[in-house]
Amino acid sequence: MTEGRHITLVTGGARSGKSALAERLVGRHGQPRLYIATARAGDDEMSQRIAEHQRRRGDGWVTLEEPVALEQALRETDGQGVRLVDCLTLWLANCLQSADIRSLTKVLLHQRSPVVLVTNELGQGIVPGNALAREFRDRHGWMNQAVAEVADEVWMAVSGQPLRLKPSRETPDDML
């Protein structure tokens with residue numbers, strides 16, 4: 001792959017290998033690499049996680065830390081190379097109620113350069129015990145569906161193994 005708009009979503013559970021898979025997918029584009037980080041280093045443990053990601057990526061990446069204004073960061077960096085957004089889950093948590101998922105998908109549809117986005121798969125566990133956690137889980141699921149809809153490709157990492165979900169060879173309609 002080379003230049004042009006190409007949206008890829010990578011999902012998976014905690015420690016599933018989704019960020020490493022996303023980094024490999026970025027390499028297909030052969031363009032300058034820009035990492036848009038949504039994490040905030042609020043404590044020592046999170047600082048260590050961020051440092052681990054930086055070590056694994058190595059040199060050759062420009063990093064932009066943007067925990068909230070993701071749409072703006074995507075617009076401003078369009079045309080500068082392939083962007084890796086890690087991750088949508090933290091962006092949604094950082095924005096809380098102000099996250100505009102519809103605006104994010106519109107921005108993605110108008111990108112000229114490739115974007116690879118990482119997100120977590122939260123909806124496979126038990127129903128959370130409080131209303132705020134249920135609301136976050138629901139909004140997160142709707143966000144993942146909306147981004148997957150506009151994405152050219154969707155991948156899932158499971159136990160370090162990549163599974164391509166979109167495009168698939170068959171659709172549910174094909175099986176009916």
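As a length-normalised measure over Cα pairs under 8 Å and 6 or more apart, the relative contact order of the chain settles at 35 percent.
Of the GluC sites (Glu not before Pro) found in the range 86-170, those in coil by DSSP whose Cβ has at most 12 other Cβ atoms within 10 Å are Glu170. Computed from the alpha carbon atoms alone, the convex hull of the range 49-145 holds 113 Å³ per residue. For Lys166 and Glu76, the difference between the fully extended length at 0.36 nm per residue and the C-alpha to C-alpha distance is 29.6 nm.
Among Val68, Val116, the ranking by other beta carbons within 10 Å of each residue's beta carbon, starting with the fewest, stands as Val68, Val116. Considering only Ser159, Leu84, Thr63, and ranking their Cα positions along the charge dipole of the chain that arises from unit charges at the beta-carbon of Lys, Arg, Asp and Glu, the one farthest toward the positive end is Ser159. For the chain, modelled as a GNM whose springs connect Cα atoms under 10 angstrom apart, the maximal fluctuation among Pro32, Pro114, Pro67 occurs at Pro32.
Just checking the listed ones, Leu163, Leu70, Leu34: in the Gaussian network model of the chain with Cα springs under 10 Å, the one fluctuating most is Leu163.
Label sites at Arg112 and Arg5, each approximated as a point 7 angstrom past Cα along Cα to Cβ, lie 1.2 nm apart. Applying the criteria of a DSSP loop state and at most 13 other Cβ atoms within 10 Å to the trypsin sites (Lys or Arg not before Pro) of the range 92-158 yields Arg112. Of all DSSP beta bridges confined to the chain, the antiparallel ones make up roughly 20%. Given 37 °C and 0.692 mPa s, how large is the Stokes-Einstein diffusion coefficient of the chain in µm²/s, with Rh as the Kirkwood radius over Cα pairs? D, rounded to a whole number, is 197 µm²/s. Taking Cα centre as origin and charging only the Cβ of basic (Lys, Arg, +1) and acidic (Asp, Glu, -1) residues, the dipole magnitude of the chain rounds to 260 debye. For the chain, a Gaussian network of Cα nodes joined below 10 Å ranks Asp43, Asp100, Asp152 by mean-square fluctuation, and the top entry is Asp43.
Values quoted throughout were computed directly from the atomic coordinates according to the rules given, and no laboratory measurement underlies them. Keep in mind it's a predicted model, so treat the numbers as computed, not measured. We place every Cβ from the backbone using ideal geometry, glycine too, and count neighbours over all the protein chains shown.
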